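Data first, discussion second: the structure below is written as structure tokens.
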Amino acid sequence: MGIVLKQSLNNTIITYIGFTIGAINTLFLYTRFLTDEYYGLVGVILSASAVLMPLLAFGIPNTLVKYYSGFKDSTYKNGFLTLMLILPLFLMLPLALVSYFAYDAIGNFLSDENPIVKGYVWYIFIIGMSMAYFEIFYAWAKVQMKSIFGNFLKEVFTRLGVTALLVLVYFEWISVDVFLLCLVGLYVLRMLLMKIYAYKLRMPVLSFKLPTNTKTIIQYSALIILGGSAAVVLLEVDKVMINQFIKIENVAYYSVAIFIATVISVPSRAMHQIVYPLTAEILTKKDHGALKDLYQRSALTLFIISGLIYLLIILNLEELYTLLSDDYSKGYLVVFLIGLAKVYDALLGNNNAILYNSDYYKMLLILGVFLAIITILFNMWLIPEYELIGAAIASFSAIFIYNTLKLIFVKTRFGILPFSTAMFKVLLVLGVLGIVFYAISIPFHPILSILIKSVAIVIIYTWMLYRFKLSEDVSGILDKYLKNK
């Protein structure tokens, strides 16, 4: 776990810097410098692009991680990498043609409830394409065990660019239309920077001597398209469907709530950058003991961190919403439900890495598609009836079902679970802290109240973790920190 913790900590720091900038953008700049309608439009464009991205990427990011380490011969490795660069074009080019000839039909569909969306179909496609190739080049770097720069581009670079653009809008140096054009440019630039970095790590050598298992690789990529699309649908399609059924301003309110809840998943995103290739290597070696150890330790570490973040969010949510306009408070229950789903994600540790890099990925991907369909149907049913809360219930239900089935599948096929005695002790600590601090009211300015309560919770929680040695990895980090002091 040494290399996992080292790179995960670096990635966590970078990701939290990005989320801090994102919090400023999401909670304060977007809500004050753009109208609710245009903020909702930004949410629709980015969410629709994210839904499109797995299709355009052709499953290549996961395929790169799964198969790269298996090639020892440089000729076949070059052929494999060439294939990884070319395959996405087989979907991108036809979809570009369809978008061109069916522009009006697509625009009319997306703007059925909110006409403002119609003029931005190409923005969605270009950002989706840029996201797809960014992830491909990012995977290119990750298989070289270099994830930090890519994580910086993903979490910090774009958000900093958005901050600058929003400031320009505020001072009326650019219009909102120019802002949206520049937003597209930011994603294109990010993709190009990732490409340059990836090629510096390993310059591609074009070779059309394809690996002997090319058919298997393409089949895996095609199935990963389904799995990746299903995963994104579970996370992003709700915003797109809110646009289809109710006023686009609600996308803005929902986006703020989702952002708050998504902070919980930052440690998972940071750790997975390095856990995925490590899991692939362990599975290749068929080391069952190492797999179980990584599964349980990653789950415990992520639960310790994500559980704390969820507790901090829920206990400070009322104060946080007083800093925003009343309309945004519609997302209170959205934060509660989606945040709980994110904690459940963390409880699974490297479950996704195990499944996507094993021989059992096909059934999981098909199951993921089925659950994505359920998510869409839930949204179609619940959003018109319950609006934002309906979208949250739909997403929570789908994620809960999906995660439970993945948990059962890994237990059935590998005979391992992520749970440990230490995890239940951590849950007890979190429960006690939640009950105690829920009863405590701090009568100061909301920001000061949030700061005081959060610092007190973190100090007590960290002390209890260290005092009772609930995690070897966390205790090891604290020991090193205290010795350096």
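Being outside any loop (DSSP other than H, G, I, E, B), more than 17 Å from residue 56 (Cβ to Cβ) and among the β-branched types (Val, Ile, Thr) is the filter here, so list the residues in segment 210-225 that pass it.
214, 216, 217, listed by residue number.
Using beta carbons and a limit of 6 Å, which pairs, at least six apart or on different chains, have the first residue in segment 74-103 and open to solvent by less than 60 Å² (accessible area, probe 1.4 Å) and the second one among the charged types (D, E, K, R) and outside any helix (DSSP H, G or I)?
Sorted first by the residue in segment 74-103, then by its partner, the pairs are 75/209; 79/209.
Being touching a residue at least 60 places away in the same chain (Cβ under 8 Å) and hydroxyl-bearing (Ser, Thr, Tyr) is the filter here; which residues of segment 432-449 pass it?
438, 449
Name the single residue that is surrounded by the most Cβ atoms within 10 Å (Cβ to Cβ) among those in segment 414-431 being part of a helix (DSSP H, G or I) and touching a residue at least 24 places away in the same chain (Cβ under 8 Å). So that I can check it myself, show each step before the final result.
Taking segment 414-431 as the starting set, the residues that turn out to be part of a helix (DSSP H, G or I) are 414, 421-431.
Subset that is touching a residue at least 24 places away in the same chain (Cβ under 8 Å): 414, 422-423, 425-427, 429-430.
Numbers: 414: 17, 422: 20, 423: 19, 425: 16, 426: 23, 427: 13, 429: 20, 430: 20.
Looking at the filtered set, the residue picked out is 426.
So in segment 308-346, with the set limited to residues that are under 18 Å from residue 36 (Cα atoms) and small (Gly, Ala, Ser), which one is surrounded by the fewest Cβ atoms within 10 Å (Cβ to Cβ)?
Looking at the filtered set, the residue picked out is 325.
Out of the residues in segment 20-34 meeting the condition of being at pLDDT below 90 and open to solvent by 30 Å² or more (accessible area, probe 1.4 Å), tell me which one is farthest from residue 156 (Cα to Cα).
Checked segment 20-34; the qualifying residue farthest from residue 156 (Cα to Cα) is 32.
Looking only at segment 377-395, which residues are among the aliphatic types (A, V, I, L, M) and either open to solvent by less than 60 Å² (accessible area, probe 1.4 Å) or more than 23 Å from the chain's Cα centre (by Cα) (or both)? Working first, answer last.
Of segment 377-395, the ones among the aliphatic types (A, V, I, L, M) are 377, 380, 382-383, 388-389, 391-394.
Residues satisfying the conditions are 380, 382, 383, 388, 389, 391, 392, 394.
Which pairs do you get when a residue that is farther than 13 Å from residue 40 by Cβ, found in segment 107-126, comes within reach of a residue that is open to solvent by 20 Å² or more (accessible area, probe 1.4 Å) and among the polar types (S, T, N, Q), reach meaning Cβ atoms under 9 angstrom, with the pair 6+ apart or on two chains?
Partner pairs satisfying both residue conditions: 109/244; 112/244; 118/108.
Do we find a residue being modelled with pLDDT of 85 or more and open to solvent by less than 20 Å² (accessible area, probe 1.4 Å) anywhere in segment 199-216?
no
In segment 109-123, which residues are more than 15 Å from residue 49 (Cα to Cα) and in contact with a helix residue (DSSP H, G or I) (Cβ under 7 Å, 6 or more places away or on another chain)? Let's see the steps before the verdict.
At the first step, the residues of segment 109-123 found to be more than 15 Å from residue 49 (Cα to Cα) are 109, 111-116.
Those that are more than 15 Å from residue 49 (Cα to Cα) and in contact with a helix residue (DSSP H, G or I) (Cβ under 7 Å, 6 or more places away or on another chain): 111, 112, 113, 114, 116.
Which of the following residues is surrounded by 14 or more Cβ atoms within 10 Å (Cβ to Cβ), in a helix (DSSP H, G or I) and charged (D, E, K, R): 406, 411?
Numbers: 411 fails: surrounded by 14 or more Cβ atoms within 10 Å (Cβ to Cβ).
Criteria check complete, one pass: 406.
Would you confirm, using the coordinates I've provided, whether residue 113 is surrounded by 21 or more Cβ atoms within 10 Å (Cβ to Cβ) and not hydroxyl-bearing (Ser, Thr, Tyr)?
Values: surrounded by 21 or more Cβ atoms within 10 Å (Cβ to Cβ): no; not hydroxyl-bearing (Ser, Thr, Tyr): yes.
In short, no.
In segment 444-465, how many are surrounded by fewer than 17 Cβ atoms within 10 Å (Cβ to Cβ) and either among the aromatic types (Phe, Trp, Tyr) or at pLDDT below 80 (or both)? Before you say what the answer is, go through the steps one by one.
Start the filter on segment 444-465 by keeping residues that are surrounded by fewer than 17 Cβ atoms within 10 Å (Cβ to Cβ), which leaves 444-448, 451-452, 455-456, 458-460, 462-463.
From the residues that got through so far, the ones that are either among the aromatic types (Phe, Trp, Tyr) or at pLDDT below 80 (or both) too are 444, 463.
Selection size over segment 444-465: 2.
Since residue 166 meets every condition but one in (1) touching a Leu at 6+ places or on another chain (Cβ under 8 Å); (2) open to solvent by 50 Å² or more (accessible area, probe 1.4 Å); (3) in a helix (DSSP H, G or I), which condition does it not meet?
Of the numbered conditions (1) touching a Leu at 6+ places or on another chain (Cβ under 8 Å); (2) open to solvent by 50 Å² or more (accessible area, probe 1.4 Å); (3) in a helix (DSSP H, G or I), the odd one out for residue 166 is (2).
Can you work out which of the residues in segment 360-375 that are surrounded by fewer than 18 Cβ atoms within 10 Å (Cβ to Cβ) and of a type in the set (Val, Ile, Thr) is nearest to residue 415 (Cα to Cα)?
Residue satisfying both the conditions and the ranking: 366.
How many of the residues making up segment 171-209 are part of a loop (DSSP other than H, G, I, E, B), free of Cβ contacts under 8 Å to residues at least 24 places away in the same chain and β-branched (Val, Ile, Thr)? Step through it out loud before you land on a result.
At the first step, the residues of segment 171-209 found to be part of a loop (DSSP other than H, G, I, E, B) are 171-175, 202-209.
Still in the list and also free of Cβ contacts under 8 Å to residues at least 24 places away in the same chain: 171-175, 203.
Retained after the next criterion (residues that are β-branched (Val, Ile, Thr)): 174.
Of the residues in segment 171-209, 1 are part of a loop (DSSP other than H, G, I, E, B), free of Cβ contacts under 8 Å to residues at least 24 places away in the same chain and β-branched (Val, Ile, Thr).
How many residues does segment 399-431 hold that are out of contact with any Gly (no Cβ under 9 Å at 6 or more places or on another chain), among the β-branched types (Val, Ile, Thr) and farther than 24 Å from residue 334 by Cα?
The qualifying residues number 5.
For segment 52-67, which residues satisfy the criterion of being more than 16 Å from the chain's Cα centre (by Cα), open to solvent by less than 30 Å² (accessible area, probe 1.4 Å) and closer than 12 Å to residue 142 by Cβ?
Listed by number, the residues that qualify are 64, 65.
Does any residue in segment 48-61 that is among the polar types (S, T, N, Q) come within less than 9 Å, Cβ to Cβ, of a residue that is open to solvent by less than 40 Å² (accessible area, probe 1.4 Å) six or more places away or on a different chain, and which pairs are these?
49/124; 49/125; 49/127; 49/128; 49/130; 49/131; 49/187
What's the number of the condition residue 156 fails, among (1) in a helix (DSSP H, G or I); (2) in contact with a Leu (Cβ under 8 Å, 6 or more places away or on another chain); (3) at pLDDT below 95?
Here residue 156 meets the rest and fails (2).
Taking segment 248-302 as the region of interest, how many residues are open to solvent by 40 Å² or more (accessible area, probe 1.4 Å) and touching a Pro at 6+ places or on another chain (Cβ under 7 Å)? Break it down stepwise before answering.
Narrowing segment 248-302 to residues open to solvent by 40 Å² or more (accessible area, probe 1.4 Å): 249, 269, 272, 276, 281, 284-289, 292-293, 296-297.
If we keep only those that are touching a Pro at 6+ places or on another chain (Cβ under 7 Å) too, we end up with 296.
Adding up the residues that qualify gives 1.
Six or more apart or on different chains, Cβ under 8 Å: which pairs go from a residue in segment 450-466 that's touching a residue at least 12 places away in the same chain (Cβ under 8 Å) to one that's outside any helix (DSSP H, G or I) and open to solvent by 50 Å² or more (accessible area, probe 1.4 Å)? Could you list them?
453/440
The values are calculated or read from the model by the stated rules, or taken from the named source; none is laboratory data. Quantities reported herein were computed from a predicted structural model and do not represent experimental measurements. With ideal geometry, Cβ positions are generated from the backbone for all residues, glycine too; neighbour counts draw on all protein chains shown. Heavy atoms of the whole protein, side chains included, go into the accessibility calculation; ligands, DNA and RNA do not. Shrake-Rupley method; radii C 1.70, N 1.55, O 1.52, S 1.80 Å.
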